[in-house]
Structure formats: structure tokens, C-alpha cells
1. Among residues belonging to region A:84-117 that are touching a residue at least 24 places away in the same chain (Cβ under 8 Å) and charged (D, E, K, R), point out the one that is surrounded by the fewest Cβ atoms within 10 Å (Cβ to Cβ).
2. Pick from A:Asn528, A:Asn563, A:Asn532: which is at pLDDT below 95, under 22 Å from A:Leu810 (Cβ atoms) and in the same structural domain as A:Ser477 (by the TED database)?
3. Is it true that A:Thr535 is part of a helix (DSSP H, G or I), free of Cβ contacts under 8 Å to residues at least 24 places away in the same chain, surrounded by fewer than 14 Cβ atoms within 10 Å (Cβ to Cβ) and within 34 Å of the chain's Cα centre (by Cα)?
4. Please indicate, with yes or no, whether at least one residue in region A:410-425 is in a helix (DSSP H, G or I) and exposed (fewer than 14 other Cβ atoms within 10 Å of the Cβ).
5. Would you please list the contacts, defined by Cβ atoms under 6 Å and residues six or more apart or on different chains, that run from a residue in region A:748-777 that is farther than 16 Å from A:Gly421 by Cα and within 14 Å of chain B (Cβ to nearest Cβ) to a residue that is assigned to a helix (DSSP H, G or I) and of a type in the set (A, V, I, L, M)?
6. What are the residue pairs meeting all of these: first residue in region B:106-119, first residue more than 8 Å from chain A (Cβ to nearest Cβ), second residue among the polar types (S, T, N, Q) and not in a helix (DSSP H, G or I), Cβ atoms under 9 Å, and 6 or more apart or on different chains?
7. Sort out which residues of region A:778-799 are more than 7 Å from chain B (Cβ to nearest Cβ) and aliphatic (A, V, I, L, M), and write them in order of number.
8. Please determine, by comparing only the residues of region A:319-328 that are touching a residue at least 40 places away in the same chain (Cβ under 8 Å) and surrounded by fewer than 20 Cβ atoms within 10 Å (Cβ to Cβ), which one is farthest from A:Asn361 (Cα to Cα).
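The values are calculated or read from the model by the stated rules, or taken from the named source; none is laboratory data. Small disclaimer: the values here were computed from a predicted structure and weren't measured. Cβ coordinates were reconstructed from backbone atoms using ideal geometry, including for glycine residues, and neighbour counts include every protein chain displayed.
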Amino acid sequence: MSSLLRGEEMCLAQLFLQSGSAYDCISELGELGLVEFRDLNPSVTAFQRKHVNEIKKCEEMERILGYLLREVKKADISLPERDVNPVAPLPKHVMAIMEQLQRLEVELGEVTRNKEKLQRNLLELTEYTHMLRITRKFVQRTAEREPLQVQYEEFPFLEKETMMDYSSMQRLGAKLGFISGLIQRVKIEAFERMLWRVCKGYTILSYAEVEEYLENPDTGEPTKCVVFLISYWGDQIGQKVKKICDCYHCHVYPYPSSNEERNDVVEGLRTRIQDLHTVLNRTEDYLRQVLIKASESVYTWVIQVKKMKAIYYILNLCSFDVTNKCLIAEVWCPVNDIPTLRRALEEGSRKSGATVPSFVNRIPTSDTPPTLIKTNKFTSGFQNIVDAYGVGSYREVNPAPFTIITFPFLFAVMFGDLGHGVIMAVFAAWMVLCENNRKLKNTRNEIWNTFFEGRYIILMMGLFSIYTGLIYNDCFSKSLNIFGSGWSVKAMGWTKEQWENNRFLTLDPNVTGVFKGPYPLGIDPIWNLASNRLTFLNSYKMKMSVILGIIHMSFGVILSTYNYLHFRKKYNLYLVFLPELLFLLCLFGYLVFMILYKWLAFSAKDSRHAPSILIHFINMFLMQGDGLQPLYPGQTGLQIFLVVIAVLSVPVLLLGKPVYLYWLHNGSHRLGLYRGYERVRRNSEEELYLMRAHDMEEGSSHSDLSSSGENPTEEFDFADELLHQAIHTIEYCLGCVSNTASYLRLWALSLAHAQLSEVLWAMVMRVGLRMDSTLGVLFLVPVFGLFAVLTVSILLVMEGLSAFLHALRLHWVEFQNKFYGGTGVKFCPFAFSLLPSSFEHDGLL
Amino acid sequence: MYMLSTSRTLPVSNHSHLTELMIIRKSVELVSASRLPFLNQTLIMRVLICGPKLAACGMVLSMWGVIMLAILGIFFTTHSAVLIEDVPLTYKDIREDTNPQRIYDLYNSVGYNCFIAAAVYILFGAFACCQMRLNKQKELVH
């Protein structure tokens, strides 16, 4: 389990894969998710790599699969809910899948095109029917008008639209032509105006709207259309009219010349429309069947194509060896997993039936490996919040195992309410119990996913909040009297006049019988009724925050010793850790001591003479304070001693390490000799590395010089080191003061939470409870509903997020800057389960 | 719809509403024998008011309401001092007599109010539970 504290030990390994079994071996490795591949061809572009054609084939298959998935989704067919995990298909099976996909694509394309054509036909026929029906009304109108025209033949038309009347046109022998069709309603006015401007009275336009909505074939939206009938004289006018109709995208249909012809056409259209409806229904059924059949296997194909593409990407990262028969891959692998890696390669070779097995060979390297920390479902949440700040450097101490306890605790100190903690814990427990429910796991909602990933964190936060709620004795802003209060009001012996005349009365613990002893667990419930409750709680919470802060920071400083010991930099222990710890403890540790001493040494009897710690602390620095009464005998002497030690530790911290390193590099010459001697004797770098590794295992003191890299004669830059150490010293010393003050946010947020809770109760719940009438009962029901909604939204969500954020900041900044580097690279293994799918991203799966 | 189609295919005599009634009754029997879940479904559609999420929220709220109001009611009936500001006391109740009986009575009345509200929330919870079950049935059918 040292993995969680420090991270796994990693090594660089070379895989020698036979070309025949390379695909299967990488498929096995992808299923296991053990190793991270390194790119051995970094200078080669994507198009020059070896397996470019296979990747293109995969992308073609993905395109077809995307089309299929979109069609399936459009037809509202649900995909099967099985948890399938097919292995990557062998190259020889790929052709079969490709053929099936292409066949499906062609079939679907054909059927869809046919369907569209049929629908377009149907639309045309429907429009024709409408046109015939509506123009019949025009004709009936004009037929009624004809006898009138005949009567007034001698007199010219009163209508100004025609310049020549009907009879004179007939005498001229001009032919009367008709154009009829449909046009969209939005265009009809422009159409009419254009006709009038161009043809100037040689045309008559009549139009009427179609009652029902017709589907626009281009956009698929229902639009309103208008049936028009243009009667014109003359061929040239006719051509102009036809051009205008084309311009406005009208659908023109032939106009029947007589009523019998019209009736025949209408009958024929009706039968044709019925036939088309039947054919369309059959086509849609067939399309749906094809899609259902495709949807059964499309999910499997998606996963198979994804795995295949991933394997080819990895094969592109490998390089060929000199004999060109063997693929070489370089991987980062945890040292403990090398036997598993070997077994996976054997399995892959066996599956592909190769005679020569593939094998793995560990190689030495001076690159820093990526950091791998193995987590389970409980620790992964906490590791994620640590990694969000920075992934730990290789083999550095990981703050995550400590964060499992300190983070929920600091959150709970700021949240501290029993009732809210219970609700939070119940919510988290529900998520934990239902964590195997597929619907909860696979939702797309980002916010829900964030909460679900952190369900164990929320559970711990809730449980710790229940504890701090008991300590603060705060449950929905009311205190619980479990053990019986330690204060007695009766013992004060107030008279009736005192009761009636005074607004505020003070319980004096010095009077016998008033204070019977401290409450066993937490704050006494009587404080909930006291008017000076906040004064008391503020003092308590501020001191508590400072104490918790100093403990947390000291713990961080102590953790840095783990790093110094592991990386064999023992001088850091004496030159960095010790001054830091002394500085922190001599000043702020002493403050904690004074707080605790004052709590223990002073009681209610001498509370009037209890000294102010702040004044004593300030006087400690100013070396004054003769006029003040000491807290304990020998205080001045001790304080001077502590201040001197703290002040002396600053130059040690500033100059110790650079000076020591300078002396180490330039003072003794024997190390240079050692290096050169060994170089002459053993020429191979590998042996030198192995010797170095051997030295490290033996704990030799020369090994700490190997950190300077391959060049042993590298100059030690004193100025650089001094500057770095100066920055660190200033940051640390000033940071001690500011970080201690920063921990006061523990007090501030818990005060805010308590006050919000109280205000919510007073303004919402109390109104419902104080209702005295008979309706007051029913009023309480919606009041409680409002109280619940506001509690969840303001106190749980808003305050919870706020406390979460502040606790996180305290960890990231105040705790981790005492020891954490966080400059590592995360280990990303090649695993099929971790690969993203573009279809999921589009919401198709 | 099914009922209408059967009545169209059967011969309908011009007179006698009795024959029509007989036909309608026969078709109703046919319907009830073979299409029972269909009728039930229409019943579900009419009674179902909330979606699944609203019903779940209602259940959570009513569970919380029942528990919290019941506990509050218990605390009021045991005359807990912490809740004194939530009781509708007047100056007269405090100053009238040294016997705190009036105050205790007020406490009790508020406590009973809380119990009644808790009972209303039980009903609300039952309703929400019913809606959730209907939603699950509807999901199974589809």
C-alpha cells in the first residue's frame, strides 16, 4: 500500500514484438491498461506513418457508423442496453465488417432516397388536387359573370385592369391562355405586383389560399400556399408570365381546358395518391426494419472499430529494428507489473500463433518517469482533488491519504450543523448505495457527474459534519439538550422585581450552584438562549481555528522530512527542516501553548484578571511587558529565549543549504576523482547506471550527486541556489504569519453558517409555528416546504460549496506549500476503457 | 376506435335502437376481454400528474417533513426551553401567574400543530409514492 503514500516505482521497458503477433499483443495490453507507450517516431508526421491506410479505413468505418447511428436515433430506436465489451477484431475479420457496413450504408441510402422521391411525388399530386379544386371555384365565378358580360357587350368594361375588353381581344384573335399553380403565401403579393408591372393588364390573376398546411419539400416545415390562376392573351405575354413564375419558384400544373377533363384528372389523381400512401407506408416499415436489424450490432461494431483504431495508433508509435522483422516499443511500466506484462505478451503471442515469442526488456533511463498512484473507488476522489492542484513529482510524498481525513474535518469545522450534516450524509449514502445503477453512472449531465464522482467525499463530509454539529451543539440552529445543562438559573435567586425591571440578566458562575460543571460533549445548550452567545462562540472558534491551523501546518512541515529522507538529501533535514520547524513552533507553537494554558489555568474566579494573550504575544516581540502580570513564572525569560531561537533560525534557513552545497562541490576533490576513475574503467553507460543504482540501494552518500545528471563535471551555480533559497526563506517566514491568519476562515465560515441557519429559522419556520389560528395548522405545511427548499438551496448547496472551496484552498495553499512539489506528469496508460468515443461526445450513444 | 370499426362492419338496421345497443354492448365485451391493459393505460394517463423527478422530490420532501415535524412536535410537547421563541407567547401569559400552565398549554398546542402537519405530509408522501409507481408502470409499458 505504499503506492498511495508515494506512488509506484516506474521503469522504462522495451517490448520486442514479432510483426505477426504485434497486433494481438497490443490488443492484450489495451485490455489490461498496464503501460504507457512512448512515441519512437516523433519527427514523422501523421501521414507518413506506417499504418496510415488502416487508420483511414477505420475512419471510413467510423463515418458509416456515425451515419447509421444518426439514422437510428432519428427513427427513435433504442440501442440495446447490454454491457458488451468485444475484443478488437483481427485484421482478417475487418474486411467482413467493412463489407457489412458498406452494404448497410448503400441500402439505407437507397431506401431513404426512394422515400424522399415518393414523398415529393405525393406532395406534387396533393398540390395538383388542391389547385384543381380551388380553380374550379374561380371558373364557377367567371361562369356566373359571363352572362353579365354578354349583356353589356356594347359598353366597355368598368374594370381598369384590362385596357381592351374581352370582346375586342377576341376580335383581334389573341388566344386566351391559362397558367395555374401554387406559390408560397409570403410571395404572392410581390408576384402580383411583378405580374402587373411586366404584363400591364394583359393578364388577370386570381388566387385563393389553401386551407391546410402543405409541407415545404426543401425545409420540411409546413407552409401556407396559395393557388393562383393567370389568364393571359398572347404568346409573348405567356412566355413572360412563365418566366416570372419560374423566378418565384411556383409549382405550375397544367390547367384542364374543360370540366370533363378536370373531373377525369381529379379521379386519376385520387387513385394515384392512395397508391402512393400505401407505397410510402410500406417503405417506412421496411426502413424501420433495416434500422432495427442494424441497431443490434452497431454498438458492438463501434467498440471494435474504436479498439482497432487505437491499436493502429500505437503500432505507429513503434519502430522497426535492424532486421525489420521485429517491432520495438518503449513503454513506461510499473516495476511490480512487469510479470503481468510478460504474461500479457505471452498470451498475445499464443493467440496469434507465432512461433517466436515477444518479450520485454527493462532499460535504464535518466528521464523522470510519470507518476502513477493506484487508487480504488474510495481514494480516487481525494486523489483527484490533490491532482487538480498539481500531479506529484515522481516518488514524492502524496498528500492524498492524509487529505482523506483532514479535508472532511476542515470542511466540517466550517459547516458544523447536525441537521444539515445528516441530510448531506443521507444523500451521499444514497449515491454510494446506488453506485452500480447504470442510469446514474452514464448520464450526460456535467453537474450531476461531478457530484456522483465525489460521492465518497460528500459522505465523509456529512459524517464529519454530524460530529462537529454535536460539538457546536447546532441542529437547524437549535441546540439539543442531551445531557442536561450545566447551568442553573434558579440558583441565582433573582427576585420578582429583578425579573420585571431588567431587560438582561447575567448568570454569574461564581455564585454557588449556578455552574454545575461543564457539559460532557460540546457546547452547553443554554448558550442558545444567551444574548452574548456570539461573543463567547467567537472567542472559542477563533482560538480553535488558530490551534487547528498551527497543527495542520506543522504536520505539513514534518511531512517534508519524508521527501528529504527518500531522496537521500539528509542535509536538508538539518539545514531546512529544523530551522523551519523551530521558527514555526517557537513563535506560533508558543501562541498555541499560551491559549491552552489560559484555558486551563484561569477559571471563573479569576476571570477578571485573566490577561489578554494578544497583548502578551505582541509584547514578546517588542521585548517589553514589565508592567503586565505574567501568565506563569519565568515567562519573560522563556519568551526571550524562544524569540532568539526563532530569529537565529532565519539565517540558518537562508544560508545553510547554499553554503553547504557549495562546500560539497568545491571543497572536496575526491568526488571528481571517483567519477573519472569509474568512467575510465567502465565504458558503458548502462553499467555506470547500474552501478549508480546499486549505490542507491546501498545508501551510499555519493548517490546524491547523481541528481546533477549525466555530466558529472557540471558546475554548481551558487548564485542560483542562493536566490532560490532566499525566495524560499522569505516565502516561508512571511507565509507562517499570513497562513496562520488565513486559518481564521474556519471561524468566519462557521459563524456565517450558524447565522444563516438562525435567520432562516427565525424568518421562515417561526412564522409558521407562531400561527395561532385554526388555519395555522395548514399554514405550517407550505411553510415547512419553503423552509426545506431554502435549507437545501442556500445552506446545503451554497454554503456547502463555499466551505468545500475554502477547505480545498487551505489544503492546496497553506498545507501543501510546506512540502509538496507537484510538478510531475500523470501516468496515462493505454487502456481501451479510458479511450473517449466521438459518438458519445455527440450524444449519439 | 376499435369499437367504432366493429360497429361499422356489423349490419345496422334502420330502426330499433335496441339492436344498436346490443351491438355496442358486444363490442364493449370484446374490448374488455382482449384489450384490458389498453383501458388501464388510459386510466394511468389521466391520474398521472407529475413526472418522475417531481414525484421523487415530493417523496423526499415528505419523508423529511414527517420525520422533522414529528420530532419537533415531541420537543414542543415536552416543553423544551430552546424552542421558547417559537411559541406564540404574549406578555400576559408570562406575567399573569407564577404557574406556567398557560405557557405549557401553548407549547402543547404548537406541538399538536406540528403533529397534524406531519400527518398531512404522510398523505402527501403517499400521493407522491403513488405517482412514482404510476410513472414506473408507464415506463414499463413503453
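1. Within region A:84-117, the match that is surrounded by the fewest Cβ atoms within 10 Å (Cβ to Cβ) is A:Glu107.
2. Values: A:Asn528 fails: under 22 Å from A:Leu810 (Cβ atoms); A:Asn532 fails: under 22 Å from A:Leu810 (Cβ atoms).
Criteria check complete, one pass: A:Asn563.
3. Working: part of a helix (DSSP H, G or I): yes; free of Cβ contacts under 8 Å to residues at least 24 places away in the same chain: yes; surrounded by fewer than 14 Cβ atoms within 10 Å (Cβ to Cβ): yes; within 34 Å of the chain's Cα centre (by Cα): no.
Taking the combined requirement at face value, the residue does not satisfy it.
4. As a first pass, look at region A:410-425 and keep what is in a helix (DSSP H, G or I): A:410-415, A:418-425.
Next, only the ones that are exposed (fewer than 14 other Cβ atoms within 10 Å of the Cβ) stay: none.
So far as region A:410-425 goes, no, none of its residues is in a helix (DSSP H, G or I) and exposed (fewer than 14 other Cβ atoms within 10 Å of the Cβ).
5. Pairs found: A:Leu760/A:Leu790; A:Val764/A:Leu786; A:Gly768/A:Leu780; A:Gly768/A:Val783; A:Leu769/B:Val110; A:Val777/B:Ile116.
6. B:Tyr107/B:Thr78; B:Tyr107/B:Ser80; B:Gly111/B:Thr78
7. Keep residues of region A:778-799 that are more than 7 Å from chain B (Cβ to nearest Cβ), which gives A:778-779, A:782-783, A:786-787, A:789-799.
Answer for region A:778-799, where residues must be more than 7 Å from chain B (Cβ to nearest Cβ) and aliphatic (A, V, I, L, M): A:Leu778, A:Val783, A:Leu786, A:Val789, A:Leu790, A:Val792, A:Ile794, A:Leu795, A:Leu796, A:Val797, A:Met798.
8. Taking the candidates together, the pick is A:Lys325.
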